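What follows draws every value from the coordinates through simple rules; no lab data is involved. What you see is a predicted model; the values in this text were computed from it and never measured. Heads up, the Cβs are rebuilt from the backbone with ideal geometry, glycines too, and the neighbour counts pull from every protein chain shown.
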Ligand code: PEP
Ligand code: MN
């Protein structure tokens, strides 16, 4: 249950109520209590201090349509997604920052096409310890340099809580990777920040578990959460993962969070990324995250799935019409 407390309630009284009802106290402009969703009926003491009460079916609470009927709006520095904007933000860049020359070429591609958000990982959550692990702090500094030089927003991932503070400091948008979706150290640190967070769905997690992970960030006090579907594991082995578009429809229907899709990690092969991207945009989504690299063949991570720049240019120029057909625009 979510309870918006009325204006007469002081901070101290709210803190006492939070203890009494074993709930989380939030202050996003309004003092708000969030109890377990098992509580379905407010007692008289709660009714006396409440402005509004929202009963939710499950512990998907702050992210639910039962709480907020309209989609949350998230400002990504100069461009807004969600709310009633009908914006589909294009995000591109390599899997990993590899060198200044490489990331600068990606930044220039963004500027050329009007893409406002540059992606690249500095702390890579690799499947093998024997492969490139990312440039770490040096990578973050290169990304910050590109932001300053080209006026782009930077999204980069936090792999574990040891460097979460660095990523939170350097990034404009914090990405939590699929393998880190359950890391409570990261979730809690992101909840304490106000920067936008792109939470990727773990590839072995249900939609309920995914959105409950988002609840940790929201209930930590950060309302700027974006969900990212990036493919889940199924019995299929011909593609790397299976992009769960049914899940996307569910997220749009039952949650109030913007949803970005990542077809690159889902299919795992560049040949399918353009068709999949158009299919994603045709669903009416808040953004698209595509990996691109100046020379994918020599990429140090995710080489098979990255588009070269000409492929990305061709894809990007085909998206606007698809978006317009469903009342959205590519930004
Ligand atoms: C990435 O974005 O490069 C990445 C590692 O993604 P995911 O966490 O979805 O595997
Ligand atoms: Mn990648």
Requested in this report: Using only Cα atoms, tell me the angle between helix 309-325 and the longest principal axis of the chain; keep it within 0 to 90° and round to the nearest 10.
Outcome: 40
Query raised in the report: Roughly how many whole Å is it from the C-alpha centroid of the stretch 311-331 to that of the stretch 48-92?
Result: 24
Report summary line: Taking every C-alpha to C-alpha distance in the stretch 126-174 and binning by 5 Å from 0, the per-bin percentages run 5, 21, 29, 23, 14, 7, 2
Requested in this report: Quick one: angle between helix 100-113 and the longest Cα principal axis of the chain, in degrees between 0 and 90, rounded to 10, please.
Outcome: 80
Report summary line: Computed over the chain: longest principal axis from alpha-carbon atoms vs helix 207-219 long axis, angle to nearest 10 degrees, is 70
Report task. Under a 10 Å cutoff between Cα atoms, tell me which one of 69, 195, 20 has the largest fluctuation in the Gaussian network model of the chain. Result -> 20
Query raised in the report: Volume per residue, Å³, of the convex hull around the alpha-carbon atoms of the stretch 201-268?
Result: 76
Query raised in the report: Got a sec? Which residues in the stretch 165-199 would a label at residue 141 touch, if it sits 7 Å along Cα→Cβ and we count backbone N under 16 Å?
Result: 166-167, 169-171
Report summary line: Rg from C-alpha atoms of the chain, normalised by the globular rule of thumb 2.2 N^0.38 Å, equals 1.02
Query raised in the report: Counting only Cα, what are the radius of gyration and maximum Cα-Cα distance Dmax of the stretch 209-331, in Å?
Result: 15.2, 42
Report task. State, to one decimal in nm, how far the label point of residue 69 lies from the label point of residue 28, with both points 7 Å from Cα in the Cβ direction. Result -> 1.8
Requested in this report: Over the alpha-carbon set of the stretch 90-224, divide Rg by the Kirkwood Rh and report the Rg/Rh ratio to two decimals.
Outcome: 0.97
Report summary line: As a percent rounded to 5, the proportion of antiparallel DSSP bridges among beta bridges in the chain is 35
Query - Extension gain (nm, one decimal) between residue 6 and residue 320, 0.36 nm per residue minus Cα-Cα - result: 108.5 nm
Query raised in the report: With r defined as the distance between the Cβ atoms of residue 19 and residue 130 and R0 fixed at 41 Å, what FRET efficiency is calculated, to the nearest 0.05?
Result: 0.25
Report summary line: Final fewest-first order of 182, 170 on the 10 Å Cβ neighbour count is 182, 170
